[in-house]
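The values are calculated or read from the model by the stated rules, or taken from the named source; none is laboratory data. Model, not experiment: these values are computed from the prediction. Cβ atoms come from the backbone with ideal geometry, glycine included; neighbour counts cover every protein chain shown. Note: accessible area is taken over every heavy atom of the protein model, side chains too, but ligands, DNA and RNA are not part of it. Shrake-Rupley method; radii C 1.70, N 1.55, O 1.52, S 1.80 Å.
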Amino acid sequence: LQETVTSARYLFAPAGSGLIAGNIFFFQRSDLNTGEDINVGTNTDTRSFLLTHNLWFAHDDPSQSNPRLTRFEGTHARSWMATPPGFTNPEAGDFHLSADSVSSGAGNVAFAPASDFAGRCYAIPPSLGALEPSPSLNGTP
């Protein structure tokens, strides 16, 4: 969250009132075995932040999917932990959502941008993550 702080040339207010919503955190726990899962800078008012409607999945150890946010003091609500996101083929780098993905339609329209990473409109309700499921008949992009 904020790394830049006030210096002789710049004046920065603490980062605040942030929203982290509608994401899929798909990670390898063995790569994040120490510290925070989200870097929190020293000049961040985490009490004013909201983490909501996110899915956290440690694909190498699902039982360790709960986020490590010891420096985060804001609200963390309505998130899924240890639930596979339902990617089409993550081993091959295909992170499109499958037709039966738990992430499909699990977002909140209040937090979704107008379009996904591929430029398609998000459904109502939107999916979590960067991509809506493909509209193809067989559920693959």
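Here is how the numbers come out for the structure above:
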{"item": "Accessible area of the chain divided out per residue, in Å², using a probe of 1.4 angstrom", "result": "58"}
{"item": "At R0 = 41 Å, FRET efficiency that the Cβ-Cβ distance of Ala114 and Ala8 yields, to 0.05", "result": "0.55"}
{"item": "Calculated FRET efficiency for the pair Glu91/Gln64, C-beta based, R₀ 22 Å, to 0.05", "result": "0.65"}
{"item": "Of all accessible heavy-atom area on the chain, the percent that carbon and sulfur account for (1.4 Å)", "result": "54"}
{"item": "Kirkwood-Stokes translational diffusion coefficient of the range 1-112, alpha-carbon pairs, 20 °C, 1.002 mPa s, µm²/s", "result": "138"}
{"item": "Taking the convex hull of Cα positions in the range 69-138, its mean projected area over all directions (nm²)", "result": "6.1"}
{"item": "P(r) weight above 12 Å for the range 1-46, C-alpha pairs, percent", "result": "71"}
{"item": "Cβ-placed point charges (K, R +1; D, E -1), dipole of the chain about Cα centre in debye, nearest 20", "result": "420"}
